[in-house]
């Protein structure tokens, strides 16, 4: 399931997360990591700016520990540009015989590595990542050698391991105060995101404030059995490794005022393996939720990748959801209940080549609507339009474009329909209230009539996203922002009034909406008992009684 974007990384918002494991590092990888470390150290001592530039990632985060006379230390940040310029100026020049360079590769995976390089003038712990086929240094914790510096003292190693253990326990328990004590205020919490070559992995940055905000929002997904190894400790700096079910963490910790705290981590996720082997019965065998939302089918549907949409056929025997691929595109996946078990998900018959998202199946199960950027007649992808497939035997016929008046030269997303075929959808066409609005088209004489933009308060001058219309058109749920503080979009409900107006929007509640993660892709189960939605890249479900409670408040709203 999704990990925190800052606390335990978040993974990927714009791309599929992976990269901690794969074919494994080669001897060439190990040699390249060593070379990057030597280019960094020797380049500095030689005044060779180009060697330094080759060694460091453009987004490198380097912290230097400076000891204060009388006790204590301060941190100084240094970026790539400064490192290269200082090297060019030759301020660190030192003859080769006086450098005393020693290198150790502490750990290496497919795209990430941890190392140390100790020299006459500095002792550095390094995190490296492989991008575009090159290994470069992404994170550095630096301190000068000290006359009485102690390496790998057992007490320090035990303290470092305890800090990391407490971090996981505090984050999983949503104990923000506990985590705040363990993480340095200047912490850089970084995640390796994998995209399709030639771009390869890239870095996503997080910080302590973002981590604490997400913990308070209770968005942490527990990780099974974290196993930590302290790789190396010297004086006031330390390097460690944690293996979890979600992936690999490389850590840098700093000791100040006698307390060890987390200063850096670099996280790389384990490639997703969706486990459907034990899923049986209705709703993939999941325990139904109450009025507190639960992640739906963790490690099978909701994983460390980015999932959204959640649609069952009316008979409950097929389940469709959408995943984001390595290239950022979307694929609609299908699982079916066969011989009592749910099949592993595979791309739906109509999906996989283009970017497809936002599906809806009609109450009679005969039509499946979705949004896609596929071309009308071959060639390159176009803007997103709404398409429809008709049921054909046990599968679906070839999709056809809905055409006007549903589609326009602008983008259309998220179609949902009432029992009588009235379609609600999002469009970015002109003539609305804002940048994107909810539109409606009714069927007349077997055709869709000209679409109309819903009025205020459903639409605003801002951005309205996914909208779900009740089968009997008795309420509308829309993903939008309400208020002036501009939090991430959440789910809000409005009811139609006899005079054609709509009630003010009311929130579906703090248990569903979040101050740090957008909420969208809401969908009612075929039996009307559960509301599914997407939050922070995972699929959740909750008892549909939350809708009835919101309807009562909307009816009373003025």
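Just a few scattered comments:
- Sequence of 408, 474, 310 once ranked by neighbouring C-beta atoms within 10 Å, starting from the fewest: 474, 408, 310
- Ascending count of other beta-carbon atoms within 10 Å, so fewest first, for 453, 389, 521: 453, 389, 521
- Degrees between helix 27-46 axis and first principal axis of the chain (Cα, 0 to 90, nearest 10): 60
- Gyration tensor (alpha-carbon) shape descriptor, the range 27-269, a/c threshold 1.5: oblate
- Of 122, 350, the sequence from fewest to most neighbouring Cβ atoms within 10 angstrom is 122, 350.
- Its relative contact order, with pairs defined as Cα atoms under 8 Å and 6+ residues apart, puts the range 251-292 at 24 percent.
- Average Cα contact separation per residue, the chain, under 8 Å, 6 or more apart, as relative contact order %: 11
- Gyration tensor (alpha-carbon) shape descriptor, the range 282-556, a/c threshold 1.5: rounded
- Cα gyration tensor shape of the chain, rounded if a/c is under 1.5, else prolate or oblate by comparing a/b with b/c: prolate
- All-pairs Cα distance distribution in the range 268-409, expressed in whole percent, bin size 10 Å: 11, 39, 34, 14, 2
- Relative to the dominant Cα principal axis of the chain, helix 80-89 is inclined by about 30°.
- From its DSSP helices (H runs of at least four residues, each -39,500 (n - 2.57)), the chain gives a residue-normalised ellipticity at 222 nm of -4500 deg cm²/dmol.
- For the chain, share of DSSP beta bridges that run antiparallel, in % to the nearest 5: 90
- Cα centroid separation, the range 88-159 to the range 469-529 (Å): 52
- Taking all Cα pairs closer than 8 Å and separated by 6 or more residues, the relative contact order of the range 27-269 comes to 16 percent.
- Separation of alpha-carbon centers, the range 325-388 and the range 238-270, rounded to whole Å: 39
- Axis angle, to the nearest 10 degrees, between helix 545-556 and the longest C-alpha principal axis of the chain: 70 degrees.
Every number here is computed from the coordinates shown, using simple stated rules; none is lab data. What you see is a predicted model, and the numbers here were worked out from it, not measured in a lab. We place every Cβ from the backbone using ideal geometry, glycine too, and count neighbours over all the protein chains shown.
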